[in-house]
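Written below as structure tokens is the structure these notes are about.
The values are calculated or read from the model by the stated rules, or taken from the named source; none is laboratory data. Just so we're clear, the structure is a prediction, and the values are computed from it rather than from any experiment. Methodologically, a virtual Cβ is constructed for each residue, glycine included, from the backbone with ideal geometry; neighbour enumeration extends over all protein chains shown. Areas reflect the complete protein model, heavy atoms only, side chains present, ligands, DNA and RNA absent. Shrake-Rupley method; radii C 1.70, N 1.55, O 1.52, S 1.80 Å.
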Amino acid sequence: MSTQRRIAGRGGEIEPFVYTALPLRVRFEQGGRSCVKDELSAIGRTRAMVLSTPEQIAHAEEVSAALGDASAGVLPLATMHTPVDVTEKALIAIEDSAADCTVAVGGGSTIGLAKAIALRADVPQIALPTTYAGSEMTTILGQTENGVKTTLKDPKVLPASVIYDVDYTLTLPAGISATSGMNAIAHAIEALYAQEKNPISNLLCLDAIETLAESLPIIAENPQNVEARQRAQYGAFLCGMALGSAGMALHHKLCHTLGGRFNLPHADTHTVVLPHAAGFNAVAAPELKPVSKILGAESVGGGLWDLAKRIGAPLSLSEIGMPEHGIDEAADLAIGNPYWNPRPFVRNDIADLIGRAFAGERPKT
Ligand code: NAD
């Protein structure tokens, strides 16, 4: 499959594109967490505050020990959706400790806190991702204030260095592994047809989707399978790069609207909406054609739905806590904030799409 794609790519016309390479260093290595002090030197910093959620304090303490006298301590404050008041508390602790960088050990929430700190102070981040969310590869930061989540893009928030250590993903529960993996696939699906799509990110997307579609079912059966975990982590890395390079469209915007309005879990929302958003866009996005082949399905929407079902992920918005009356409200919100998408849409398209995702139906071909 990969070879065919590369040969086919040589034959056709290359459309004009813009590609921006993001300046960050990546170490992909089992046990790589023990090299955290070397990464500190590599980015020219000397004293790091280690960030985590309260649940992952043990991971953070291990990294703090590996830093030795270069550790400024552990700050287990990270919270989903990056609330601004938490960032402000963390900034005070960092100033008091004289740390000149952070090490974020965790998923998108912890990396989000380190990004929010980097935005406000000259404190770069080393990231040790422990989920498949991919935030470490982007200049995007989502923050919540007074119950409203807003997103910005700033090169300052990009981590200076990323260590992918598979060992820290082995404790990720099977359920979160499934939804986090689908969240990663969502980045690659949307990057394939996003406004800033480019041939480099397209290569990343197809390899990433293939790698994740193959490894996630193995992880669902055996979360301790290190090889499958490593392939999923590699796929997620590529998905994050693609998101960072090409951007997003309807699917991500719908997930932000639904997640923000109804406080739905981030990765679960992506998992449920993706088959419907990708199915809707497939008619206007020829870039999705190879994806149905990769998934072994007659359609991209159907293939994504089958994959989610196979790995035990949620299939309906109703089962993840969205109220039925929210369908119309979400459609109004989404249409009130127009954004680019390969397939133009009207309010009823969005209401139908959310309605089908609410019910958890397999997308029509
Ligand atoms: P998360 O970071 O909120 O983690 C979910 C839970 O799982 C937390 O309790 C965490 O401590 C725990 N956990 C994480 N890894 C673990 C592990 N290996 N073992 C045991 N427990 C573990 O979840 P997420 O889905 O990674 O991140 C969601 C957040 O990231 C959202 O706020 C989302 O907006 C943001 N995000 C941002 C971008 C971006 O580019 N800016 C991209 C993706 C996600």
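Values computed for the structure shown
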{"quantity": "Selection count, region 212-236, where residues are open to solvent by less than 30 Å² (accessible area, probe 1.4 Å) and under 24 Å from A21 (Cβ atoms)", "calculated": "4"}
{"quantity": "Residues of region 118-138 that turn out to be of a type outside the set (D, E, K, R) and either part of a strand (DSSP E or B) or more than 8 Å from the ligand (Cβ to nearest atom) (or both), as a count", "calculated": "10"}
{"quantity": "Failed condition for E324, given (1) open to solvent by less than 60 Å² (accessible area, probe 1.4 Å); (2) over 23 Å from A178 (Cα atoms)", "calculated": "(1)"}
{"quantity": "Filter result for the condition that a residue is open to solvent by 60 Å² or more (accessible area, probe 1.4 Å) and within 16 Å of the ligand (Cβ to nearest atom), over E15, E95, E55", "calculated": "E55"}
{"quantity": "Selection within region 261-319 - small (G, A, S) and part of a helix (DSSP H, G or I)", "calculated": "A267, A277, A278, G279, A282, S292, G301, G302, G303, A308, S318"}
{"quantity": "Selected residue [in contact with a Leu (Cβ under 8 Å, 6 or more places away or on another chain) and within 13 Å of the ligand (Cβ to nearest atom)] from A213, A174, A208, A236", "calculated": "A236"}
